[in-house]
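Just so it is clear, none of the values below were taken in a lab; they were calculated from the coordinates. Everything numeric in this text was worked out from a predicted model, so none of it was measured. Note that we place each Cβ from the backbone using ideal geometry, even for glycine, and neighbour counts take in every protein chain shown.
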Amino acid sequence: MKVSVVVPTYDSAEWIGTCLASVRKSFKGELIVVDGGSQDGTTAKVMDYRACIYRSSLNFSEQCNEGAREAMGDVVLFLSPQVEVLPGWREAIEEALQSEYVVGGGLRTIWEGESLKARLFSWGQDFGSRCLDVSLAPQGIFVRRKSFLSVGGFSPNAVLPHLWLAQKLKAVGEFSYLDAAVKVMVRPWESKGMVATSLGYVKAYREHRRLDIN
């Protein structure tokens, strides 16, 4: 089973190295970065990690879709540039996909740090994802490439593209939420604040449910 990793970026020079280094610790396969027009030297940082670089308009869905079109793998893992993948991610994905019914899924999200706030956010996202049987955070989503293309990829117009994709995938197979995890770096969210970020997700989820984009 060949896996391709796709990372959409924009002005991510401060943390992209940490993300890609975590991938390269246990993965020598295809690593694709799709940049949305960074001006801070992000693409120069990427060169150190033997990644293929493509360019796209600045839109999460379009960047991910471009990466999937270029990918050669049977499976695509979409990663946020603000995370580190923790050990065991590839084995967990391959094990889940041993079932022909599983078409994709999500990795568990752990917020960086030992603070009570970080532990609560980690628990809250994990609890919500397991209850809804989706991935509430877009930081780590995997999918069979054929299934991804068959449902049209991510919708550029969806309020929460990762939830839109999960719903489409569940219509054609199983969406598996794994114990394997990504660790969210706090630095990128410091200016917005973790609480504001969490409340933003709640608001966006409500809007997603209201619009029910098809």
Beyond 21 Å (Cα-Cα) in this structure, taken from K28/K170; K28/K168; K25/K45, we find K28/K170; K28/K168
When you count, for each residue, the other Cβ atoms within 10 Å and take the mean per peptide, how do 41-47, 103-109 rank with the highest first? 103-109, 41-47
Using the alpha-carbon centroid of each, what span in Å lies between the stretch 140-191 and the stretch 56-98? 9 Å
Using a 7 Å offset from the Cα along the Cα-to-Cβ direction at both Q39 and L149, what is the distance between the two label points in nm, to one decimal? 3.6 nm
Given points 7 Å out from each Cα along the Cα-Cβ axis, report the D48 to T18 separation in nanometres with one decimal. 1.4 nm
Going by average Cβ neighbours within 10 Å, how do the peptides 16-26, 75-85 rank, with the highest at the top? 75-85, 16-26
If you count, for each residue, the other Cβ atoms within 10 Å and average over each peptide, how do 49-55, 147-153 line up from highest to lowest? 147-153, 49-55
Each label sits 7 Å from Cα toward the beta-carbon; between K25 and M1 the label points are separated, in nm, by 2.1 nm
Qualifying GluC sites (Glu not before Pro) for the stretch 12-72 [loop in DSSP, other Cβ within 10 Å: at most 16]: E14
